[in-house]
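Participant: Can you read through this structure? Questions will come right after.
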Amino acid sequence: MRIRMIEITVGAFMLAGILALAFLAIRVSGVNLDRSDDVYRVTAVFDDVAGLRVRAKVSMSGVTLGRVSAIEIDTEFGEALVTMELNSSAGEISNDAGAQILTEGILGARYVGLVPGGSDEPFVDGDVIDSSNTQGALVIEKLVGDLVTRLGA
Amino acid sequence: MIRYLRLLGQSALGFLESLGRASMMWGLAIWGLPKRGDFSILVKQIYHIGVLSLVIIGLSAFSIGAVIALQFYTQLFRFGAQDTVGLGLALVLLRELGPVVTALLFAGRAGSAITAEISLMKTTDQLAAMEMMGIDPLQRVVAPRLWAGLLCLPMLTAVFNVVAIWGGSIVAVDWLGADRESYWALMKDGVLLWDDLVLGMTKSVVFAIVVTWIAVFQGYNSEPTAEGIGLATTRTVVVSSVAVLALDFLMTLVMYGDFQ
């Protein structure tokens, strides 16, 4: 009888451990089981991405649409290429939308904000937002530097 | 001069020798389990090592989660960022505190018991008697404890994290009044499966190997006297605590050290 008690509690313990792991994966780290490959990639060209990181949010009007999946440098033109993965489930976004790099609150993390466009054509996988349609990060040091030179002139 | 050099060499050789013995013991024992008849011994060990540790793990987890939530809340409230308590708490727990505190408690609660048990068996010649009967004590005594520890510590770590996050939510949400939805939503948003959960659990598996290894070896290698049992038990707790903290720093450096 005692042996059986031990076996039952050990079984319950193992079950509790596995349930705890599942809870951590689903409730805490937010694994989304149904979101597998229904994303498409759009690349935006920025003159400056200071402080933007991979996996930063991409949002439009405050609604999260996807994540930044890669940040690369185009050495020829000295521009930053930000590849974003957008969820198809969020609906279609017109392909002349602009992009800007914004900051959450004063001290918050940088994220990419999409500015709605007017075109009827939606983005498709591999589209590029060129640099005339984007606004890079505001870097305080640069702004202060500009102000100082202007005041000095 | 020569004498000091000799002493240094002697202690280095002694260290290497015990390391080698410990490795051989671990290697021999870890393959010792997969036999059908031994399953009930393993279950019994899991009961002693894992199930009976649940109470102290749960209590510590709850109070640690509650205290961290309280401290985070009072500081973050000044910036109006009190809803990120859940996120901060979850990151701290999954990455560092969960694996480390569980391993330290485990070393004190289960590791010392393993050492005391095995070294008493050795002192009372039970191990020698087993050998005489043709039973390999590595397989019969050491292997089940190693495997049980290896299974239990990660499980206990997962339980620890869940209880601590729950304790934090009781303090931050139910008592201090952070927003319940934000507490969970920000946590979900900021915690990553691979970077936080999987790497944290990897730490806990490493700690499980190290702590049970040290506990079993200290017991197996103890002086067969009453004093030896006490010494071996103390050494288990001290050595495994230091090893856990040092390894944690190294693993954190390797896992999260690539500051861009």
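The values are calculated or read from the model by the stated rules, or taken from the named source; none is laboratory data. Worth saying up front: this structure is predicted, and the values here are computed from it rather than measured. All Cβ positions, even for glycine, are placed from backbone atoms using ideal geometry, and neighbour counts span all protein chains on display. Keep in mind that these areas ignore ligands, DNA and RNA; they rest on the heavy atoms of the full protein, side chains included. Shrake-Rupley method; radii C 1.70, N 1.55, O 1.52, S 1.80 Å.
Participant: Once amide H atoms are built 1.01 Å from N in the peptide plane, which residues 5 or more positions from A:I93, or in another chain, come under 5 Å H to H?
Facilitator: A:F123
Participant: Calculate, for the range B:191-260, the solvent-accessible area per residue in square angstrom, rolling a 1.4 angstrom probe over the heavy atoms of the protein chains.
Facilitator: 50
Participant: Which one of B:V211, B:G228, B:L197 is farthest out on the positive end of the charge dipole of the range B:192-260, using unit charges on Cβ (Lys, Arg +1; Asp, Glu -1) and the Cα centre as origin?
Facilitator: B:G228
Participant: Provide a list, ordered by number, of residues in the range B:184-216 showing at least 10 Å² less accessible area with every protein chain present than when their chain is taken on its own, using a 1.4 Å probe.
Facilitator: Residues of the range B:184-216 that lose at least 10 Å² of accessible area once the other chains are added: B:W184, B:M187, B:K188, B:D189, B:V191, B:L192, B:L193, B:D195, B:L197, B:M201.
Participant: In a shell of Cβ-Cβ distance under 13 Å around B:T123, excluding B:T123 itself, what net charge do Lys and Arg (+1) and Asp and Glu (-1) give?
Facilitator: In short, -3.
Participant: Using only alpha carbon positions, build the gyration tensor of the protein assembly as shown, then give the equivalent ellipsoid semi-axes as the square roots of 5 times its eigenvalues, largest first, whole angstrom.
Facilitator: 53, 25, 21
Participant: How far apart, in nm, are two points set 7 Å out from the Cα along the Cα-to-Cβ line at B:E131 and at A:E104?
Facilitator: Taking the simple label geometry, B:E131 and A:E104 are separated by 6.1 nm.
Participant: Right, here's the next one. If you take every residue apart from A:A109 with its C-beta less than 14 Å away from the C-beta of A:A109, what net charge results, scoring Lys and Arg +1 and Asp and Glu -1?
Facilitator: +3
Participant: Can you give the net charge of the other residues whose Cβ lies under 15 Å from the Cβ of B:G200, counting K and R as +1 and D and E as -1?
Facilitator: Every neighbour counted, the sum reads -2.
Participant: Something else: Using a 1.4 Å probe on protein heavy atoms only, how many Å² of accessible area do A and B hide from each other, summed over both chains and rounded to 100?
Facilitator: 2300
Participant: Another question, then. So, with a 1.4 angstrom probe, what is the percent of accessible area on the range A:39-140 that is carbon and sulfur?
Facilitator: 50
Participant: On a 0 to 90 degree scale, rounded to 10, what angle separates helix B:112-123 from the longest Cα axis of chain B?
Facilitator: Approximately 10 degrees, to the nearest ten.
Participant: Still on this structure, I have one more. Go through the range B:149-161 residue by residue and turn each phi into a ³J(HN,Hα) via Karplus (6.51, -1.76, 1.60, θ = phi - 60°); whole Hz please, and just put x for glycine and proline.
Facilitator: x, 4, 7, 6, 4, x, 4, 5, 5, 4, 4, 4, 4
Participant: Using the Karplus curve 6.51 cos²θ - 1.76 cosθ + 1.60 with θ = phi - 60°, what ³J(HN,Hα) values do you get for each residue of the range A:116-121, in whole Hz, with x for Gly and Pro?
Facilitator: With the stated coefficients, the range A:116-121 comes to x, x, x, 6, 7, 7 Hz.
Participant: Can you run phi through the Karplus equation (6.51, -1.76, 1.60; θ = phi - 60°) for the range A:20-29 and list ³J(HN,Hα) in whole Hz, with x for Gly and Pro?
Facilitator: These are the phi-based 3J(HN,Hα) values: 4, 4, 4, 4, 4, 5, 8, 6, 8, 8 Hz.
Participant: Need the list of aspartates and glutamates near A:K142 for cross-linking: C-alpha distance under 19 angstrom, and skip anything on the same chain fewer than eight residues off.
Facilitator: A:D47, A:D48, A:E79
Participant: Using a 1.4 Å probe on the protein heavy atoms, what percent of the accessible area of the range B:36-252 belongs to carbon and sulfur?
Facilitator: Result for the range B:36-252: 69 percent of the exposed heavy-atom area is carbon or sulfur.
Participant: From the helices alone, meaning DSSP H stretches of at least four residues, give me the mean residue ellipticity at 222 nm for chain A, per-run term -39500 (n - 2.57), in deg cm²/dmol to the nearest 500.
Facilitator: The helix-only estimate for chain A comes to -7500 deg cm²/dmol at 222 nm.
Participant: Let me ask you something else. Once label points are set 7 Å from the Cα along Cα→Cβ at both A:I18 and A:E92, what is their separation, rounded to one decimal in nm?
Facilitator: Between A:I18 and A:E92, the label points sit 4.5 nm apart.
Participant: Any idea which of A:L21, A:A137, A:V112 is furthest toward the positive side of the dipole for chain A, if Lys and Arg beta-carbons carry +1 and Asp and Glu beta-carbons -1?
Facilitator: After comparing all options, I get A:L21.
Participant: For helix A:140-152, what angle does its Cα long axis make with the longest principal axis of chain A, in degrees from 0 to 90 and rounded to 10?
Facilitator: With rounding to tens, the tilt is 20 degrees.
Participant: Show that you can apply the helix-only estimate: for chain B, add -39,500 (n - 2.57) for every DSSP H stretch of four or more residues, divide by all residues, and state [θ] at 222 nm to the nearest 500.
Facilitator: -24500 deg cm²/dmol
Participant: Using alpha carbons only, how many degrees (0 to 90, rounded to 10) separate the axis of helix B:226-256 from the longest principal axis of chain B?
Facilitator: The helix B:226-256 is inclined about 50 degrees to chain B.
Participant: Using +1 on the beta carbon of Lys and Arg, -1 on that of Asp and Glu, and nothing else charged, what's the dipole of the range A:39-140 about the Cα centre, debye to 20?
Facilitator: About 620 debye.
Participant: What accessible area per residue comes out for the range A:3-110, rounded to a whole number of Å², with a 1.4 Å probe?
Facilitator: With the other protein chains kept in place, the range A:3-110 gives 56 Å² per residue.
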